[in-house]
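Below is one structure, written out as C-alpha cells, with a few remarks after it.
The values are calculated or read from the model by the stated rules, or taken from the named source; none is laboratory data. All of these numbers come straight from a predicted model, not from anything done at the bench. Glycine gets a Cβ as well: all are built from the backbone with ideal geometry, and neighbour counts include every protein chain shown.
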Amino acid sequence: MNSRAGWLAIVFILILHFSLHPWWARWPINLDLMAGSLILGSLLLRPDRAATLGAVLGLLEASISLGDLGSSMLVFAATGFIGAWLSDLLYSDSPQFVPIFLFGGIWILQTALTLLTTGAAAVQSLLFYAPLSALLTALVFGVLARVIGIRDLTVFRGKRGLT
Amino acid sequence: MTYLGVTPKNPRRMGWVRLVALFVMLTVAFGLSREQQSQVEALVRGTVLYPFIELHRFSSELSQVSQRVDDLQGERDSLVVLLGRYWSLANQADLFRTQAGLESFQLGSVKPVEVYPGRPRVGDPNVFVLKGPSVAQSDFPAGVFTGRGLVGVARGPHGRGVRGEFWSHPDFRVSVVTEDGQVRGIVRASRPDGGQAVLILDGAPFQSNVRNGTLLVTTGIAGVYPPGVLVGTVRRVLDAEAGWMKSYIVEPSVRPEEASIVLIWERPKLSEESVPTAPVHSLDSSPTMRP
C-alpha cells in the first residue's frame with residue numbers, strides 16, 4: 001500500500017460524490033462520500049494540511065449546495081484537523097479501529113452540520129438519520145480502506161514523519 | 001524526522017503558518033455578506049464545479065423528458081385559461097384608461113430561465129439559482145413563476161445568473177386576493193411538524209368565509225410579482241385569531257421540486273410621476289434579518 005493509491009481513491013470518491021450529489025442529497029439516510037473521503041484524507045495528512053483540505057472541501061460543498069460558506073468551511077476544516085490530530089494520538093493495530101474511527105468522525109461532522117443549518121430542533125436527524133448515515137458510510141469506507149491497504153491507524157505514520 | 005524521504009526545513013513552523021492562513025481565510029468567509037457569498041459560490045460553480053453542474057442538468061433533462069411534455073401541456077392549458085380570464089378585463093381597463101387620458105397599462109415581460117435548487121444538509125433547499133441569457137440585469141426583487149403558478153422570488157445577482165428563494169423560504173411573503181376579489185391577505189410559508197411546506201394565508205378578515213378550493217392569485221400591489229399569478233388553493237381554516245382575523249392553509253400550485261424551467265418577471269419601466277415615493281418593494285417578500 002502506498003499513499004498514492006489512497007489519494008487516487010479519495011479523488012475518485014470526490015468525483016463520484018459531486019457527480020451523484022443530487023441523488024445523495026435526496027434521501028435522509030445516505031452514503032456521505034464527502035465526509036468519508038475527508039476523514040480518510042486526514043489519516044494521510046498532518047493536522048494543518050488536513051484542515052486546509054477540509055476548508056477547500058467545505059467551500060466546494062457549500063457552493064454546490066448553495067449553503068453558508070463560513071460555517072461549512074469551519075466544520076469541514078475542524079473535522080479534518082481533529083481527524084488528523086486524533087490519528088496522531090491514537091495507536092491501534094486492530095482492523096476494526098478504522099471503521100469505528102470513520103463512524104465517529106462522520107457522525108460528529110453530520111451532527112455539527114445539522115446543528116448549524118437546521119438547529120437543535122432536528123432531533124430525528126441528529127439521533128436517527130446522522131448515525132445511520134455514518135454507520136453506512138463507515139462500513140463502505142471500512143471495506144475500501146482494507147482494499148487500498150489502510151488496515152490500522154499506524155499505516156501512514158511513517159509517511160507523515162511520525163515514526 | 002523525514003517526510004516522504006525529504007527532510008522538511010521547519011515543518012512545525014510551516015504548520016503554524018498554514019493554520020494562521022486558514023484562520024484568516026475562515027474569518028474572511030464568515031465576514032462575507034450573503035451577496036458576496038453568492039458571488040464566491042457562483043465563481044466556484046462556474047469553474048471547478050462546472051462539469052458537475054452541467055452533468056446534473058443533463059441527467060435531469062434526460063429523466064424529465066417524458067414528464068416535461070405532460071407538464072408543458074398542463075402549463076399551456078393553464079395559460080389559456082388565465083389568458084381567457086384576464087383578456088377581456090385587460091381590454092376593458094385599456095379602454096377606460098384611454099378614455100380617462102391615462103397611459104396604457106403595462107404588464108412588463110418575462111424571461112425563461114433554468115432553476116438549480118439548493119441541496120439539503122450543507123445547503124438550503126429553499127433557495128435556488130437561475131441561469132439564462134442576460135438574466136442578471138433584471139430589477140430585483142422580481143417574481144418567479146411558471147404557467148401553473150408562483151415559484152418564488154429572485155433576490156439578486158449570482159455571477160451571470162440570479163439567486164432567489166422558493167415560496168417555501170421563511171422570508172417569503174406575497175399579497176394575494178381570492179379569485180372573486182373579495183378577500184385579501186398575505187401568504188407565507190409554514191412547515192407544520194417539520195414536514196412538507198405549505199402556505200398560510202394570514203390577515204383575512206374575521207367575517208370573511210373563504211371556501212375550500214378557492215383559488216388565490218397575486219395582487220401585484222407591491223410591484224414584485226405581476227398581478228393575477230396563481231399562488232395556491234385554499235384547503236381549510238387554520239386559526240381564528242382574537243376574533244378579528246382568520247388564517248387558512250393553502251395548497252401551493254407549484255412545488256419547488258417540480259420547477260425546472262421558470263419565468264422571471266421584468267416589471268415595466270414606469271414614468272417618473274407614477275413611481276411612488278415609499279419603497280413599496282418592502283411590502284412583498286422583504287428579507288428579514290436572520291442569525
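Screening the range B:132-174 for strands (runs of 3 or more DSSP E) wholly inside it with 2 or more residues that are in the same structural domain as B:THR218 (by TED's automatic domain parsing), surrounded by 21 or more Cβ atoms within 10 Å (Cβ to Cβ) and among the β-branched types (Val, Ile, Thr) returns the ranges B:142-146, B:149-158. Scanning the range A:105-125 for residues that are surrounded by fewer than 24 Cβ atoms within 10 Å (Cβ to Cβ), within 25 Å of B:ARG18 (Cβ to Cβ) and away from chain B (no Cβ under 12 Å) returns a single hit, A:ILE108. When A:SER125, A:SER65 are checked against the criterion of being in contact with a strand residue (DSSP E or B) (Cβ under 6 Å, 6 or more places away or on another chain), in contact (Cβ under 8 Å) with a residue 12 or more places away in the chain and under 28 Å from B:VAL127 (Cβ atoms), A:SER65 stands alone in meeting it.
Of the residues A:SER72, A:SER87, which single one is closer than 30 Å to B:VAL40 by Cβ, among the small types (Gly, Ala, Ser) and within 16 Å of the chain's Cα centre (by Cα)?
Working: A:SER87 fails: closer than 30 Å to B:VAL40 by Cβ.
Matching residue, one of A:SER72, A:SER87: A:SER72.
Being basic (Lys, Arg), assigned to a helix (DSSP H, G or I) and under 20 Å from A:ILE64 (Cβ atoms) is a property that B:ARG57 has. A single member of A:LEU53, A:LEU86 is within 12 Å of another protein chain (Cβ to nearest Cβ) and of a type in the set (A, V, I, L, M), and it is A:LEU53.
Across the range A:58-94, the qualifying residues are those that are crowded, with 24+ Cβ neighbours inside 10 Å and among the hydroxyl-bearing types (Ser, Thr, Tyr), and the one among them that is nearest to A:ARG46 (Cα to Cα) is A:SER87. Is it fair to say B:ASP94 is touching a helix residue (DSSP H, G or I) at 6+ places or on another chain (Cβ under 8 Å) and either away from chain A (no Cβ under 14 Å) or closer than 25 Å to A:GLN110 by Cβ (or both)? Answer is no for this residue. Please determine whether any residue of the range B:43-52 is aromatic (Phe, Trp, Tyr), at the interface with chain A (Cβ under 9 Å from one of its Cβ atoms), in a helix (DSSP H, G or I) and surrounded by 14 or more Cβ atoms within 10 Å (Cβ to Cβ). Yes: the range B:43-52 contains one or more residues that are aromatic (Phe, Trp, Tyr), at the interface with chain A (Cβ under 9 Å from one of its Cβ atoms), in a helix (DSSP H, G or I) and surrounded by 14 or more Cβ atoms within 10 Å (Cβ to Cβ).
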